[in-house]
Amino acid sequence: CLPPRCHPQKGSGMGGGEACRFFQSYAVEVDVKDASNATCLYAKWMMRFLIKYETNNSDYKNAALNLSSSVTHNGSVCGNDTQAALLTVQFGEGHSWSINFTKNNETYQGDFITFTYNTNDTAVFPDAKRKGPITIVVKDTMHPVQLNNVFVCHNTDSFEAENVTQIFWNVTVQAFVENGTIGKKESRCRADTPTSAPTVPPTIANVTTASTTTLSPAPTTVPKPVENPDTGNYSLKSGNKTCLLATVGLQLNVSQDKPLLINVNPKTTSADGACGNTTATLKLNDGNSTLISFTFVVKNASASIQKFYLKEVNVTLLNRLNGSVISNADNNNFSKWDAFLGSSYMCRKEQTLEINENLQLHTFNLWIQPFLVKANKFSTAEECFADSDLNFLIPIAVGMALGFLIILVFISYIIGRRKSRTGYQSV
């Protein structure tokens, strides 16, 4: 193939040589030509990356990597009946992204996505412990597309693997273009098709705040919505066996720009993640606008009696229209929801997880088992103290303590009066 040409979208500038320049759109358009100068691979899309990396202090930070002002696309390949097509772009300080396409007699589809980010880019990773390029490969979930059709997906899609979330939107692509002519028929992604379940925005409760010159309320000052979130049922499988079970209602309390309460909708939320012997991760995606990740670990893994607990929660809120990040928060210092390995953890009452000063996550009707699930059912549950039968003793104990304190004060008062009278007796 001849070197592909890159075209900016409307409103962006054109750089010299092979570079493609753009501004606020953050979009790239690639038109790959074959030896006869006919289009063989065409793509136009928008994307960004959220990367969690380890710092020199051995803690973790989250970085957002956007396409830079110039993008090159050296190495893209047209492909044929025996060779995969390849779309590849390079940007920033040593970052690159590519996807290869395969085909059969009737359809083509994306195969693997390869993303390389360079932690030597100090503008994005100013204090990264590990230096140099890091590459991850994920399997593309694109469904087969009829040959000569254009694949279109305006809705946001994302992949998460190895501490990297790749976010895509406004995608138009056709591989194995025949006779240099882009197809007129479109194959839409499920999120774009009218027959699919409608993408509903998150439920946001009406919040009224007093008019003032400075508004920076703490999350706890926001009034609760009238209704609690619906409870969702989620599960993960390893092969044909269920390896994680979760039942929970989730509500986000966001205090950024203005306070918001967001109920996660189970009907539009999908579950993903990974199971392991000592670590398990549950990732929930509500309509590609709310991404919540829970990480569970086993403590004292070498001990004879082991327990699991919630170690980390990551929350990302995305703009549904353009995929930009509204808010991202992470807390990896939790030690909650602990139970013996082989058991489940249950807490029907509301609990609050403080991710950071601007974001809280409220849970309702929680029942979780991240390890050793048997027969697709929850094991015996260890209940939180708020749910236990002993919880009623708290007000009784407080009342008894107050009563004892009153009696003590009364006795002290009587003794004090007697001593006072004794001091005034005549000699």
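Would you mind putting 378-386, 161-169 in packing order, based on average other-beta-carbon counts within 10 Å, highest first? Spell out each step's value before the answer.
Numbers: 378-386: 15.1, 161-169: 18.7.
Averaged packing, sorted descending, gives the order 161-169, 378-386.
In sequence order, region 343-349 has phi-based couplings of 9, 10, 10, 9, 8, 6, 6 Hz under the Karplus curve 6.51 cos²θ - 1.76 cosθ + 1.60, θ = phi - 60°, and Gly or Pro positions carry x. The H on the amide N of K336, modeled in the peptide plane, is under 5 Å from the matching H of L310, each at least 5 residues off or on a different chain. Here's the picture: charge each Lys and Arg Cβ at +1 and each Asp and Glu Cβ at -1 in region 329-368, and of T363, S344, F334 the one pushed furthest to the positive end of that dipole is S344. With each label modelled as a point 7 angstrom along the Cα→C-beta vector, the E382-E354 pair spans 2.4 nm. Past 21 Å, Cα to Cα: identify those pairs from K241/K283; K44/K131; K61/K129; K129/K283; K103/K139, in the order given. Check vs 21 Å cut-off fails for K44/K131; K129/K283.
With Cα atoms as the point set, the radius of gyration and Dmax of region 86-135 evaluate to 14.9, 50 Å.
What does the highest-first list of 353-361, 227-235 look like by mean Cβ count within 10 Å?
On the way: 353-361: 18.3, 227-235: 16.0.
Answer by packing, highest mean first, reads 353-361, 227-235.
Under 20 Å from a point placed 7 Å out from the Cα of N80 along the Cα-to-Cβ direction: which residues of region 154-181 have their backbone N that close? Once the point is set 7 Å along Cα→Cβ of N80, 175-181 turn out to lie under 20 Å by backbone N, inside region 154-181. Applying 1/(1 + (r/R0)^6) with R0 = 56 Å to the Cβ-Cβ distance of A35 and N333 gives a FRET efficiency near 0.45. When peptides 126-132, 107-113, 242-248 are sorted by average Cβ neighbour count within 10 Å, with the highest value leading, the order is 242-248, 107-113, 126-132.
A short reminder: the numbers here are calculations on the coordinates, not readings from a lab. Everything quoted here is computed from the prediction, not taken from an experiment. Backbone-built Cβ (ideal geometry, glycine too); neighbour counts: all protein chains shown.
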